[in-house]
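Report on one structure; see the data block that follows.
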Amino acid sequence: MNPTDFTDQALWFETEVQPHARALRSWLLVRFPTIPDVDDLVQDSFTRILKAKAKGPVGSSRALLFTIARNLALDAIRRQKVINFEPITDDTPSCVLIDDTNIIESISRQQELEILTHAIQSLPSRCRRVFTLRTAYGMTLSEIAQQLGVSLSTVEKSMALGTRLCAEYFASRR
């Protein structure tokens, strides 16, 4: 790539892609709350859109960026669900066969996590964003207010509503 192409691509990225980073991150947090590292997914999306731009013109950078991110998120979720089991043979050490975890507790925790995920996904949009930023990312209420551009009172009310609705959802599923 010659220096002019690199400069053009950097300018395109700075003006057409980078401004959507915050919106993309928020959208991913709301849409895919179980993704372990949203920031990595955003960076992977940036890398892929740059590769796409290098191959040819991009009509709508925002649409392509969000589509790439959605596909990466879905791939990550699929990978989370895959469990690799090694067959137990005569050579398997006996310590591997001893299960110190309580299977019932483990299944119960997994079911509760799934119910909580569904509860969060069922929240109204702003409430879901506030709740996710507070619980999953540990942001303070004032940081959330600043990031979302709303008042502290609105964030407090959204958090209280989210907590109440999640508790009701959780209670109705037990």
For this session: Could you please tell me which pairs satisfy a Cβ distance under 6 Å, a separation of 6+ or placement on different chains, a first residue in segment 106-121 that is surrounded by 12 or more Cβ atoms within 10 Å (Cβ to Cβ), and a second residue that is modelled with pLDDT under 75?
Result: ILE115/PHE170; ILE115/ARG173; ALA119/PHE170
Exercise. So which residues in segment 5-54 are assigned to a helix (DSSP H, G or I), at pLDDT below 85 and aromatic (Phe, Trp, Tyr), if there are any at all?
Worked result: PHE6, TRP12, PHE13
Exercise. Scanning for something in contact with a Pro (Cβ under 7 Å, 6 or more places away or on another chain), part of a helix (DSSP H, G or I) and either farther than 17 Å from THR34 by Cα or not assigned by TED's automatic domain parsing to the domain that holds ASP39 (or both), does segment 158-168 turn up at least one residue?
Worked result: no
Seminar exercise, completed: Note on ALA69: of the conditions (1) over 13 Å from the mean Cα position of the chain (by Cα); (2) crowded, with 17+ Cβ neighbours inside 10 Å, unmet is (1)
Exercise. Can GLU86 be described as in a loop (DSSP other than H, G, I, E, B), modelled with pLDDT under 75 and not aliphatic (A, V, I, L, M)?
Worked result: yes
Seminar exercise, completed: Those residues of segment 39-59 which are buried (at least 17 other Cβ atoms within 10 Å of the Cβ) and small (Gly, Ala, Ser) amount to SER45
Exercise. Which ones in segment 123-146 are within 17 Å of TRP27 (Cβ to Cβ) and surrounded by fewer than 17 Cβ atoms within 10 Å (Cβ to Cβ)?
Worked result: PRO124, SER125, ALA136, TYR137
For this session: Give segment 137-157 a look and list any residue that's assigned to a helix (DSSP H, G or I) and within 26 Å of ASP37 (Cα to Cα), or say none.
Result: LEU141, SER142, GLU143, ILE144, ALA145, GLN146, GLN147, LEU148, VAL155, GLU156
Exercise. Is there any pair with a first residue in segment 22-38 that is more than 15 Å from SER125 (Cβ to Cβ) and a second that is of a type in the set (Ser, Thr, Tyr) whose Cβ atoms are under 7 Å apart and which are 6 or more apart or on different chains, and what are they?
Worked result: LEU24/SER45; THR34/THR117
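The values are calculated or read from the model by the stated rules, or taken from the named source; none is laboratory data. Just so it is clear, the structure is predicted and the values come from calculations on it, not from any experiment. Ideal geometry is used to build each Cβ from the backbone, glycine not excepted, and the neighbour counts take in all protein chains shown.
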